[in-house]
Amino acid sequence: MPKNLLKENVNIGEVAFSWEFKEYEQYERGGKWYLIMSIIAILLILFAVLSGNYLFALIVVLFVIIMFLQNLQHPLPVEFGLTDNGIVLGNKFYSYRELDKFWLLYSPPAVQMLYFEPKTIVRHRLSVPLPDIDPSKVRDFLNQFLTEDLEQEEEPFSERLSRILKIQ
């Protein structure tokens, strides 16, 4: 794992596992998907205008523009590493003291994810795709430092919805 992405004064520790993944899933969207989403967007804008909610209409238009612009770009690679001091996600280091728990969802090919829940509510959940790596080895390593949340058996609703609608 290259250390040039991190600040020089950060001691990330010994790297046990590392891999690279795309920053987001880029879905193949056919003409049918674009037609359905266009109809939904037009209906939402029409509803917003007819109900006098121009802010909602603006939000829908901005969402459509963002989706269009995102479709023109390719996802960047993100480096991830599990170390004995914490995790490295892109150019950020999270010590295990900052994280509350983790859980694994492994049901190939649909879901192969590793999740981290931070201790503070200000930060959002960290989700990391698992490559072709033995999840039990990752679990055994992380259990040394964090508590595993065994109650989490499904992917979060927001991630499932974005995967089904192909809007990430």
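Figure legend. Inter-residue proximity from segment 111-125: first residues within 14 Å of Arg160 (Cα to Cα), second residues among the aromatic types (Phe, Trp, Tyr) and at pLDDT below 85, beta-carbon distance below 6 Å, spacing 6+ or different chains. Indicated pairs: Gln112/Tyr106.
When Ala16 is tested against (1) modelled with pLDDT under 90; (2) more than 30 Å from Phe141 (Cα to Cα); (3) among the aliphatic types (A, V, I, L, M), exactly one condition is not met: (2). Pairing residues of segment 136-161 that are under 17 Å from Gly86 (Cβ atoms) and touching a residue at least 12 places away in the same chain (Cβ under 8 Å) with residues that are part of a helix (DSSP H, G or I) and not small (Gly, Ala, Ser), at Cβ distances under 8 Å and at least 6 apart in sequence or on separate chains, gives Phe145/Tyr96; Leu146/Tyr96; Glu148/Arg139; Glu148/Leu142. Surrounded by 14 or more Cβ atoms within 10 Å (Cβ to Cβ) and touching a Gly at 6+ places or on another chain (Cβ under 6 Å): does that describe Tyr96? Considered against the rule, which asks whether it is surrounded by 14 or more Cβ atoms within 10 Å (Cβ to Cβ) and touching a Gly at 6+ places or on another chain (Cβ under 6 Å), Tyr96 comes out as yes. Out of curiosity, is Ile42 part of a helix (DSSP H, G or I) and either under 28 Å from Pro118 (Cα atoms) or not assigned by TED's automatic domain parsing to the domain that holds Asn143 (or both)? Yes; evaluated as a whole, the condition is true for this residue. Candidates in segment 23-40 are the residues that are charged (D, E, K, R) and over 30 Å from Val88 (Cα atoms); of these, the one that is surrounded by the most Cβ atoms within 10 Å (Cβ to Cβ) is Arg29. How many residues, within segment 121-162, are closer than 20 Å to Glu20 by Cα and either outside the structural domain of Glu14 (by TED's automatic domain parsing) or more than 13 Å from the chain's Cα centre (by Cα) (or both)? So the answer is 11.
Is at least one residue of segment 104-111 in contact with a helix residue (DSSP H, G or I) (Cβ under 9 Å, 6 or more places away or on another chain), under 28 Å from Met37 (Cα atoms) and assigned to a strand (DSSP E or B)? So far as segment 104-111 goes, yes, one or more of its residues are in contact with a helix residue (DSSP H, G or I) (Cβ under 9 Å, 6 or more places away or on another chain), under 28 Å from Met37 (Cα atoms) and assigned to a strand (DSSP E or B).
For segment 45-85, which residues satisfy the criterion of being touching a residue at least 60 places away in the same chain (Cβ under 8 Å) and either exposed (fewer than 10 other Cβ atoms within 10 Å of the Cβ) or part of a helix (DSSP H, G or I) (or both)? Within segment 45-85, just Met67 meets the criteria. Entry remark, segment 135-168: residues being loosely packed, with under 13 Cβ neighbours inside 10 Å and either at pLDDT 85 or above or at positive phi (or both) number 5 in total.
A count restricted to segment 84-112 and to residues that are closer than 16 Å to Arg125 by Cβ and acidic (Asp, Glu) stands at 2.
The values are calculated or read from the model by the stated rules, or taken from the named source; none is laboratory data. Just so you know, these numbers come straight off a predicted model, no measurement behind them. Note that we place each Cβ from the backbone using ideal geometry, even for glycine, and neighbour counts take in every protein chain shown.
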